[in-house]
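For reference, the structure is listed below as structure tokens.
The values are calculated or read from the model by the stated rules, or taken from the named source; none is laboratory data. Note that the coordinates shown come from a computational prediction; the quantities given were computed from them, not determined experimentally. Cβ: placed from backbone, ideal geometry, glycine included. Neighbour counts: every protein chain shown. Just so you know, the surface numbers come from the protein's heavy atoms only, side chains and all, with ligands and any DNA or RNA stripped out. Shrake-Rupley method; radii C 1.70, N 1.55, O 1.52, S 1.80 Å.
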Amino acid sequence: MRALPVVRAVLGAAVLLWAAAPVAVAQSDPQADHAHAMAGAGGDRMPRTFAYTPATIAAFERLPIQESGRVKPFLTYSRFLLLRLAERTSVAVPDEPRFGDLAGASLEPVSWALDVMLYPAQADEYPTFLIPDRDLLDRVGLGEAAKRKRDRYSFNDLRPGIERIAQEARPLLDKEEKVRDRLQNQLVYLYRDLSDYMSLRTAFTAARAPFRVGDSEVLRSVFGDVSSVRFADGARNYGQLSTQFMRLRSDQEREAELQAVGDFLRQQREVADLSSYVIWLPPSDQRTEAWLDLDGVFGEIGRDGPAAHGTQLQAIELQQNVADAAARASTTSDPTALEAAATTFVDHVRRMTSLRGEGSHVDMEVTYYRVKWLYWALILLVIGCVTAAVSWAFVKSRWPMWLTWSAVGSGTVMLVVGIVYRCIIRQRPPISTLYETFLAVAAGIAIVGMVVEVLIRRRIALSAAAYLGATTLWLADRYEFMRGEDTMPQLQAVLDTNFYLSIHVTTVTLGYMASLLAGGVGAVYLIGRLFSDDVGFFQAVGRIVYGVLCFGLLLSLFGTIMGGIWANDSWGRFWGWDPKENGALMIVLWQLLILHGRMGGYWRNWGMSMLAVIGNMIVAFSWFHVNLMGVGLHSYGFDAGLKSAVVTFYWTQGAILGLGFVAWLLMRTRAETARLRADATPATSSGGA
């Protein structure tokens, strides 16, 4: 199913265990553990009964952050995190009076993420975590909380079992997904989901935290006569405090001061570490690609001094203002101050990002997810499927075909616009990830299907374009939900910029598209033969299969050769019998077999259609299956959900072949019956004479 970032999950283990036992932390030494006690899982009980203003949501949607090396909007981060946790992009607030006007509301990703960061105790009540099997709850001692077989649970529902979840999941992290059983995989996924949730939950811990100064002479000499300071104040004076701490280490008569200053510095570093999973702070050094987490700020200030990092310290102060405004809004139910603080904070981070020449496409990415180009493309293609079915039921009526043309054409335009958006955002060719191959195949099928329909005008190609395009786009949607990961990730260096690779991936993917379109039309031929003997119709279908296969062979062959050229340029060899290379070669050889056999008269339309459907399985093997084998340079990691989908596809194509064989037997039976009747007719006539 979903890939697990093991390193991050291991780092999150301490956070999970801390969240499971906030009382034990609070009962330890109050000064040494002040940071943990203050930021405990139940420490912030502020409720939110008001709605965020549209400006507040819009501001945080556009907040640039860096994740896995890519600068992206906070909307993207929160959307895929929620998708991974809940397998949907919204969360329902429980319909209970204590939630005020929010009771029963549906929260979009950014609203939900703001609640997790600013009002965590309330967000802990939201049913956020999808548990696919109640047996998992039984395994971690939460069987009494189980609802239905598959249901969503809140963080508070799972809190009593967090320690056991962590204890049982950590030994499994070193095992490959394919060697773990179903419940073990689900346990690892849940462990990762809880870690990621806590990473977001603690993002504003430093912004809310007060740090006690106490009676320390050193701390009072730095901060003045105050009882506590904020994180930004401590960070600004980190270098000075570190120097004082080193001096105190050589003064045995001031052990109390050494303890106080050391505890203060340790508390700040611990809270910074807890708040460092959402990276929103661009560094001052233009040469540094990696953005700063809050813990990294200390190193920068200790090296360069606070004056060199004034913009970073100001950003931290502005984040504190957001936390303060959220606290006030909780008591006044007036979100205007929160809106002003959020807008100021985000605008400051955006200016910092712009000065580095980064984040230029953040707004465009927000628009991409807001408009939902691919969602509407899928809706329109599904409408095209319906109107295409109506057109076959009412053959003499023209309006269903006009509606089909309108729906498929509009859906294709929306899909192409979505692909163009992605190209501009990523500054990459249209195909650079497995997810984008779905989009390219769907668009290619729709465009080629419409072109063929203009040439043939038998409703076959347009109907196939609607059904196959909608199916492929739906699979892209399911793949996104199944993975729950950013579909525009930072590429590996070897895949980043290479002309040959771009041409190779694009043409090979279009070859997949042509092969699948030929196989889909071939399936129409095989299944249609069960119900009709219209010779003219099936001759037209056969011509479509033949023509699309020729087109697919050209693309597949050229793409495979370009792949070898790229491999020679990047890896030093043209061909290495890698499973992915073998899969591409299998597609080319199979298409050659079909076309040569057709030209040589070894099979006609029927056999060609049967072989085109088998070609679908070969394409699926090359497209997906070799990625799951765990060997070769194209192994992207085992994925149980993807493997299940591929095996299901094999079975569906086998079923189509079975129906085609049944249709062939029926045709032979009908032909034999007709021949016997024809032979019997003269004999009957002569006998009557």
Item to check | Answer residue from the range 219-264, given it is aliphatic (A, V, I, L, M) and touching a Leu at 6+ places or on another chain (Cβ under 7 Å) and is farthest from LEU294 (Cα to Cα) among those | outcome: LEU248
Next on the checklist: Quick test for you: out of ARG236, ARG212, ARG220, pick the one residue that is open to solvent by 20 Å² or more (accessible area, probe 1.4 Å), among the charged types (D, E, K, R), closer than 23 Å to ARG351 by Cβ and outside the structural domain of PHE60 (by TED's automatic domain parsing).
Outcome noted: ARG236
Item to check | Selected residue [at pLDDT 90 or above, in contact with a strand residue (DSSP E or B) (Cβ under 8 Å, 6 or more places away or on another chain) and over 30 Å from GLY359 (Cβ atoms)] from PHE264, PHE231 | outcome: PHE264
Checklist entry - Taking the stated definitions as given, is ASP157 open to solvent by 10 Å² or more (accessible area, probe 1.4 Å), touching a Pro at 6+ places or on another chain (Cβ under 9 Å) and either within 30 Å of LEU318 (Cβ to Cβ) or assigned by TED's automatic domain parsing to the domain that holds LEU82 (or both)? => result yes
Checklist entry - Restricting the search to the range 581-617, which residues are in contact with a Ser or Thr (Cβ under 7 Å, 6 or more places away or on another chain) and open to solvent by 30 Å² or more (accessible area, probe 1.4 Å)? => result LEU585, MET586
Checklist outcome for this item: Only unsatisfied item for TRP392, checking (1) surrounded by fewer than 19 Cβ atoms within 10 Å (Cβ to Cβ); (2) among the hydrophobic types (A, V, I, L, M, F, W, C); (3) modelled with pLDDT of 90 or more, is (3)
Checklist outcome for this item: Every listed condition ((1) crowded, with 21+ Cβ neighbours inside 10 Å; (2) on the phi > 0 side of the Ramachandran plot; (3) not aromatic (Phe, Trp, Tyr)) holds for GLY572 save (1)
Checklist outcome for this item: Only one of (1) open to solvent by 10 Å² or more (accessible area, probe 1.4 Å); (2) of a type in the set (A, V, I, L, M); (3) not in a strand (DSSP E or B) does not apply to LEU83, and that is (1)
Checklist outcome for this item: Flagged in the range 348-378 as over 20 Å from the mean Cα position of the chain (by Cα) and either in the same structural domain as LEU83 (by TED's automatic domain parsing) or among the β-branched types (Val, Ile, Thr) (or both), in numbering order, are VAL349, THR353
Next on the checklist: Condition first: closer than 18 Å to ALA461 by Cα, open to solvent by less than 50 Å² (accessible area, probe 1.4 Å), of a type outside the set (Phe, Trp, Tyr) and free of Cβ contacts under 8 Å to residues at least 40 places away in the same chain. Can you find one or more residues in the range 407-416 that meet it?
Outcome noted: no
Checklist outcome for this item: Going through the range 298-313 in order, the residues found to be over 17 Å from GLN268 (Cβ atoms) and either without any contact (Cβ under 8 Å) to a residue 40 or more places away in the chain or buried (at least 19 other Cβ atoms within 10 Å of the Cβ) (or both) are ASP304, ALA307, ALA308, GLY310
Item to check | Selection within the range 92-112 - among the hydrophobic types (A, V, I, L, M, F, W, C) and surrounded by fewer than 24 Cβ atoms within 10 Å (Cβ to Cβ) | outcome: ALA92, VAL93, PHE99, LEU102, ALA103, ALA105, LEU107
